[in-house]
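Heads up: the structure comes next, in structure tokens.
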Amino acid sequence: MVRKLFRNARIYTPRDLGEPLRGRDQGSLTAFPEGALLVEDGLLAAIGPEKEVLDRVAGGQLCQEVDLEGMCVIPGLVDPHTHMCFVGTREREFQMRCEGTSYLEILAAGGGILSTVQRVRQAREEELLAETTGRMRKAMAMGTTTLEVKSGYGLNVQDELKMLRVIDRGARLAGADVSPTFLGAHAIPPEFKNSPGEYVDLVVEEMLPRVSQQGIARFCDVFCEEGVFSPDETRRILRRARSLGLGLKIHADEIKDTGGAKLAAELEAVSAEHLLAASNEGLKAMAEKGVIAILLPATALSLRKPYARAREMIQMGVPVALATDCNPGSSYTNSMLLVMALAVLGMGLSAEEALVASTINGAYAIGMAQKVGTLEVGKQADFVVLDGETPWIIPYSLGAQSSVRAVYKRGERVS
Ligand code: NIG
Ligand code: FE
């Protein structure tokens, strides 16, 4: 057995109460100011005050002992909403947006998502793999040890399956835990421009069965937005996905309120994501059904829109998670550190609330809470050593990578 002791740490972790944390629990952490962690074969065997953990160690052999010099230790960050499987950037489009053209105008003119679709369709699998794996590794160096990646730049059977294969291969190469999501309904591809209904048929009748048959996605997501997929189309796709055993997610009310939040509650989706324009009615329905709000403040910043109403959501009892949305259009970052800083400085969360949103609530949003999201006995020893005394170092340093001193995945140092 590989046994490792990490001592002299200030540990901050949420507790896993068996469901996403909300309301007052959203901001509650357990702290061990003079703490230690005992890791056995990559799992946490003991965690708590150093004295107690040392008692557990007594007698047994240790392979390694690490003195963390009083630095703060938090669970590995979980990024539950990314589109990081793509090739190429879209800087010119970013410039156009800064000069006043809107995101939906660019998409309607055949740019935006569709220009990345063209690049991804043309790319060889190995090329897509190299870029995707590189992004996963960079995210890990910034403390993200578990993440979700969506397909959605293939928009035909062959290229959606190519993306899902790459997501799986990339995860193995990078050593991250990755939850793959099928997002075939991300945009209407150019060949269906004049018959969008037929594309919905293709998603429902061909793509979903193939994806489910191959077992390479856990969730199905739909971009429910004006001019993209309507609530009725979204409902049809997600019902089919559910019947095939996939969990449900919705890109809801990102730009316009089309009733996405309400639909997520109606379908009892695991999460509704974005929610910049969500109505109170929709949020109330989410709270009632325990749908997790995945908020993406780097997207709001990049689109220069007001942030989602995170404080009100917490007040209403909606469990809140945070994510990067890493994609070449609306949020070209894979840093959960930046996202946490924006959540504190832009949305008014405390660092404790932002940490819960970036660990255990994210883990619930991608069905991985039994393995990751908190530092508790039996879970994976995925943790980040911060160059500070409390989680506040992250927003305090404006999400700078220098706030991370080391990253461990299953007890192994990865950065
Ligand atoms: O979450 N909204 C749709 N999808 C992404 C953007 C993808 C892209 O622009 O390439 C998002 O913002
Ligand atoms: Fe997104």
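For segment 261-276, a residue qualifies if it is open to solvent by 10 Å² or more (accessible area, probe 1.4 Å) and within 16 Å of ligand 2 (Cβ to nearest atom), and the qualifying residues are 270, 276. Scanning segment 387-415 for residues that are farther than 15 Å from residue 338 by Cβ and not in a loop (DSSP other than H, G, I, E, B) gives 405, 406, 407, 408, 409, 412, 413. With respect to the stated conditions, residue 334 is within 16 Å of ligand 2 (Cβ to nearest atom) and in the same structural domain as residue 246 (by TED's automatic domain parsing). Note on segment 66-102: residues that are in a strand (DSSP E or B), open to solvent by 10 Å² or more (accessible area, probe 1.4 Å) and charged (D, E, K, R) amount to 1.
For segment 27-36, which residues satisfy the criterion of being in contact (Cβ under 8 Å) with a residue 24 or more places away in the chain, within 26 Å of the chain's Cα centre (by Cα) and closer than 15 Å to residue 75 by Cβ? Those that are in contact (Cβ under 8 Å) with a residue 24 or more places away in the chain, within 26 Å of the chain's Cα centre (by Cα) and closer than 15 Å to residue 75 by Cβ: 28, 29.
Residues that are over 16 Å from residue 411 (Cα atoms) and not in a strand (DSSP E or B) were ranked within segment 35-52; the one that is least open to solvent (accessible area, probe 1.4 Å) is 50.
Every condition in (1) crowded, with 22+ Cβ neighbours inside 10 Å; (2) under 26 Å from residue 298 (Cβ atoms) holds for residue 200 except the one numbered (2). The single condition among (1) out of contact with any Ser or Thr (no Cβ under 9 Å at 6 or more places or on another chain); (2) surrounded by fewer than 20 Cβ atoms within 10 Å (Cβ to Cβ); (3) touching a residue at least 24 places away in the same chain (Cβ under 8 Å); (4) under 23 Å from residue 228 (Cβ atoms) that residue 113 does not meet is (2).
If the condition is being touching a helix residue (DSSP H, G or I) at 6+ places or on another chain (Cβ under 6 Å), within 16 Å of ligand 1 (Cβ to nearest atom) and farther than 21 Å from residue 278 by Cβ, then segment 309-337 contributes 328, 333, 334. When residue 82 is tested against (1) polar (S, T, N, Q); (2) under 23 Å from residue 141 (Cα atoms); (3) away from ligand 2 (no atom under 16 Å from the Cβ), just one condition goes unmet, and that condition is (3).
When the criteria are applied in full, residue 354 meets the requirement of being away from ligand 2 (no atom under 16 Å from the Cβ), among the hydrophobic types (A, V, I, L, M, F, W, C), assigned by TED's automatic domain parsing to the domain that holds residue 128 and farther than 22 Å from residue 178 by Cβ. The residues in segment 123-149 that are out of contact with any Pro (no Cβ under 8 Å at 6 or more places or on another chain) and within 16 Å of ligand 1 (Cβ to nearest atom) can be counted, and the count is 5. Of all residues in segment 315-326, those that are over 15 Å from residue 343 (Cβ atoms) have Cβ atoms under 6 Å from Cβ atoms of residues that are β-branched (Val, Ile, Thr), 6 or more apart or on another chain, in 326/82.
For segment 274-303, a residue qualifies if it is farther than 19 Å from residue 356 by Cβ and within 16 Å of ligand 1 (Cβ to nearest atom), and the qualifying residues are 274, 276, 277, 278, 299, 300, 301, 302, 303.
For segment 154-269, list the helices (runs of 4 or more DSSP H) that sit wholly inside it and hold at least 2 residues that are over 27 Å from residue 287 (Cβ atoms); which are they?
Once the helices (runs of 4 or more DSSP H) in segment 154-269 are filtered for at least 2 residues that are over 27 Å from residue 287 (Cβ atoms), what remains is 157-174, 196-202, 208-214.
Regarding segment 47-57, can at least one residue be identified that is touching a residue at least 60 places away in the same chain (Cβ under 8 Å) and outside the structural domain of residue 193 (by TED's automatic domain parsing)? There is at least one residue in segment 47-57 that is touching a residue at least 60 places away in the same chain (Cβ under 8 Å) and outside the structural domain of residue 193 (by TED's automatic domain parsing).
Considering every residue within segment 236-249, establish whether at least one is within 16 Å of ligand 1 (Cβ to nearest atom), open to solvent by less than 30 Å² (accessible area, probe 1.4 Å) and in contact (Cβ under 8 Å) with a residue 40 or more places away in the chain. Checking segment 236-249: at least one residue is within 16 Å of ligand 1 (Cβ to nearest atom), open to solvent by less than 30 Å² (accessible area, probe 1.4 Å) and in contact (Cβ under 8 Å) with a residue 40 or more places away in the chain.
Taken as a whole, the structure leaves residue 348 outside the set of residues that are of a type outside the set (A, V, I, L, M), surrounded by fewer than 24 Cβ atoms within 10 Å (Cβ to Cβ), at positive phi and outside the structural domain of residue 250 (by TED's automatic domain parsing). Flag not set for residue 185, criterion: within 18 Å of the chain's Cα centre (by Cα) and under 18 Å from residue 150 (Cβ atoms). For residue 301, the conditions (1) within 15 Å of ligand 2 (Cβ to nearest atom); (2) open to solvent by less than 10 Å² (accessible area, probe 1.4 Å) all hold with the exception of (2).
Considering only segment 312-325, I want to know if a residue exists there that is among the small types (Gly, Ala, Ser), in contact with an Asp or Glu (Cβ under 7 Å, 6 or more places away or on another chain) and in a loop (DSSP other than H, G, I, E, B). Yes, segment 312-325 has at least one match.
Looking at 279, 358, 331, 335, just one residue is of a type outside the set (Phe, Trp, Tyr), open to solvent by 20 Å² or more (accessible area, probe 1.4 Å) and modelled with pLDDT of 95 or more, and that residue is 279.
The values are calculated or read from the model by the stated rules, or taken from the named source; none is laboratory data. Note that the structure is predicted; figures quoted are calculated from it, not measured. Counting neighbours? That spans all protein chains shown, and the Cβs are built from the backbone with ideal geometry, glycine included. Accessible surface areas use protein heavy atoms only, side chains included; no ligands, DNA or RNA. Shrake-Rupley method; radii C 1.70, N 1.55, O 1.52, S 1.80 Å.
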